[in-house]
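K.L.:
Pasting a structure here, questions to come.
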Amino acid sequence: MIIIGEKINATRKKVAAALADRDEQFVIDTAVAQAQAGAHYIDLNGGDPRQGREAKNMEWLVNLVQAHTDVPVAIDSADPQAMDVGLSLVREGDKPILNSISLETDNLDERLETLAKYDCMVIGLVMSDDGPPQGAGDRIERAGALIEKFEACGKNRGDIIIDPCFFPVSSDGACGRAVIDAIAGIHANWPDIHIGGGCSNISYGLPKRKLVNFAALAQAIYHGMDAGLIDPCTPGIVAAILAAEAVAGKDDYCMNYINAERDGALG
């Protein structure tokens, strides 16, 4: 699984404070901890509604994280200026992820133009001007539309990650089944693209959220999810992913799982 460390996000109060104060050590510590825990990418979100501020935040974050980790970055923004700034600063030899582009038409052409400029992967979020997706079929249809747009930008399918939108089962009990069925359908229709998103959203509002997250991960991995924005520092989560991949037949001879135990990574 492609693990994208989710913790450096301006929607988190501590991260927003670190951005406001330019607290380098907090950002460094957060990035390094995720890399050491198994993240393959470090997601960077410097969201700020003030004109031009998000781009400045992104510049600071990209330079700081790249100076202290060897892990590639994911540029997490819907702002075309911040996207362009972040992608332009990626160090030579790294292939970043652009997270994310949806079907919402506001600035869509500009965002797609930015995507086409860079050699990067891209996360496609199945949101549109009609709002959140409704059921599995709607997610699958929107996935197809996103794939067409990304291919028109020159992306091959191995560079595309579709985020099927995980919503809280606490507010709608059908959300879990819908997203799992959508993952299966997307994987069946486009087996050579990646699928993944913010899986932990599914447990929002519930006690002992980790139990729900782990259950969702296991089912999603079985049906085709192979990427995700997660907190790799959560105790047991990387081990749970490796175990789920072994059970789903996605780990030849269970060697990733066995090697992780040899390395002491299973806890």
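Here, each number is a calculation from the coordinates, and none is a lab measurement. Keep in mind that this is a model prediction, so the values were computed, not measured. Note that we place each Cβ from the backbone using ideal geometry, even for glycine, and neighbour counts take in every protein chain shown.
K.L.:
How high is the FRET efficiency from Ser170 to Ile28, r the C-beta distance, R0 30 Å, rounded to 0.05? Intermediate values should be presented prior to the final figure.
P.N.:
Values: r = 35 Å, r/R0 = 1.16.
The pair Ser170/Ile28 has a calculated efficiency of 0.30.
K.L.:
Right, next: DSSP beta bridges in region 2-234, what fraction antiparallel, as a percent rounded to 5?
P.N.:
Taking every DSSP beta bridge with both residues in region 2-234, the antiparallel ones total about 5 percent.
K.L.:
Go through 66-72, 206-212 and give me the packing order, highest mean Cβ count within 10 Å leading.
P.N.:
Details: 66-72: 16.6, 206-212: 12.9.
Going by the mean number of other Cβ atoms within 10 Å, highest first, we get 66-72, 206-212.
K.L.:
Using a 7 Å offset from the Cα along the Cα-to-Cβ direction at both Asn256 and Glu113, what is the distance between the two label points in nm, to one decimal?
P.N.:
Taking the simple label geometry, Asn256 and Glu113 are separated by 3.9 nm.
K.L.:
So, in the chain, how many Lys pairs have Cα atoms under 16 Å apart, if the pair is 8 or more places apart or on different chains? Present the calculation step by step, with values, prior to reporting the outcome.
P.N.:
On the way: Lys7/Lys210; Lys95/Lys117; Lys95/Lys155; Lys117/Lys149; Lys117/Lys155.
For the chain, the number of qualifying lysine pairs is 5.
K.L.:
If I require 18 Å or longer along the helix axis, counting alpha carbons, and a Kyte-Doolittle average no lower than -0.5, what helices from the chain are left? Use full DSSP H segments.
P.N.:
Values: long enough: 24-37 (20 Å, 0.34); 53-68 (23 Å, -0.53); 135-152 (27 Å, -0.29); 175-189 (21 Å, 0.79); 209-223 (21 Å, 0.43).
Passing helices, by number: 24-37, 135-152, 175-189, 209-223.
K.L.:
Turning to a different aspect of this structure: For log10 I(q)/I(0) by the Debye sum over Cα atoms at q = 0.08, 0.10, 0.11 Å⁻¹, the choices are (i) -0.27, -0.43, -0.53; (ii) -0.55, -0.68, -0.75; (iii) -0.30, -0.48, -0.59; which was calculated from the structure?
P.N.:
The value matching this structure is (iii).
K.L.:
Follow-up. Filter the GluC sites (Glu not before Pro) in region 24-112 down to the DSSP loop ones having no more than 15 other Cβ atoms within 10 Å, then list what survives.
P.N.:
Numbers: sites: Glu24, Glu54, Glu59, Glu92, Glu104, Glu110; in loops: Glu92, Glu104.
Answer in residue order: Glu92, Glu104.
K.L.:
Can you list the residues, at least 5 places off or on another chain, whose amide H is less than 5 Å from the amide H of Ser102, using H built in the peptide plane?
P.N.:
The list, which skips near neighbours in sequence, is Leu125.
K.L.:
List the residues, sorted by chain then number, that are 5 or more residues from Ile8 or on another chain and whose placed amide H is less than 5 Å from its amide H.
P.N.:
Result for Ile8 returns Asp43.
K.L.:
Follow-up question, since we're still on this one. Counting only residues 5 or more places away or on other chains, whose amide H sits under 5 Å from the amide H of Val73 once H atoms are built in the peptide plane?
P.N.:
The list, which skips near neighbours in sequence, is Ile42, Ile97.
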